[in-house]
Amino acid sequence: MILRRWRGLIRTAERDAYRAYIEGTGGTDYTSTPGNLGFQMLFRDLGDGTSEVTTLSWWRSLDDIQGFAGDDITIARYYPDDDHYLLDRPLHVEHHDVAANSLVLP
């Protein structure tokens, strides 16, 4: 299993709107791509009016990620309204081999 990790910054006041936006864009694209095992979205309030957003998506293989991300899987994928929400647009994402997993979802 492969974990794909992306991080960005938003205004904390837009957290709920951004969550809904991502669920309808990236979340839908993740879960409709063959080989995707699910995704998670994390928020961390930085205390200065901004929040860090992390998305984690879980995949069977790097080839499956290519179906979502395109030929260069290291490049972050963005959507039309991201410029409204994001205070930064990191160019790259990280990929990690999952060596152990005890997560059990309900």
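The values are calculated or read from the model by the stated rules, or taken from the named source; none is laboratory data. Quick caveat: nothing in here was measured; it's all calculated off a predicted structure. Positions of Cβ are backbone-derived with ideal geometry, glycine not excepted, and every protein chain shown enters the neighbour counts.
Numbers for the structure displayed
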| read-out | value |
| --- | --- |
| Answer residue from segment 21-40, given it is under 17 Å from ARG77 (Cα atoms) and among the hydrophobic types (A, V, I, L, M, F, W, C) and is surrounded by the most Cβ atoms within 10 Å (Cβ to Cβ) among those | ILE22 |
| Boolean, ILE10 is buried (at least 16 other Cβ atoms within 10 Å of the Cβ) and not in a strand (DSSP E or B) | no |
| ASP16 assigned to a helix (DSSP H, G or I) and either more than 15 Å from the chain's Cα centre (by Cα) or surrounded by fewer than 12 Cβ atoms within 10 Å (Cβ to Cβ) (or both) | yes |
| Which listed residue, of ASP81, ASP48, is acidic (Asp, Glu) and modelled with pLDDT under 95 | ASP81 |
| Positions within segment 48-82 being over 19 Å from SER32 (Cβ atoms) and of a type outside the set (Asp, Glu), in sequence order | GLY49, THR50, SER51, VAL53, THR54, THR74, ILE75 |
| Failed item in (1) charged (D, E, K, R); (2) farther than 23 Å from ALA13 by Cβ; (3) at pLDDT below 95, with ASP64 passing the rest | (3) |
| Tally of residues being closer than 15 Å to LEU87 by Cα and surrounded by 13 or more Cβ atoms within 10 Å (Cβ to Cβ) across segment 45-56 | 5 |
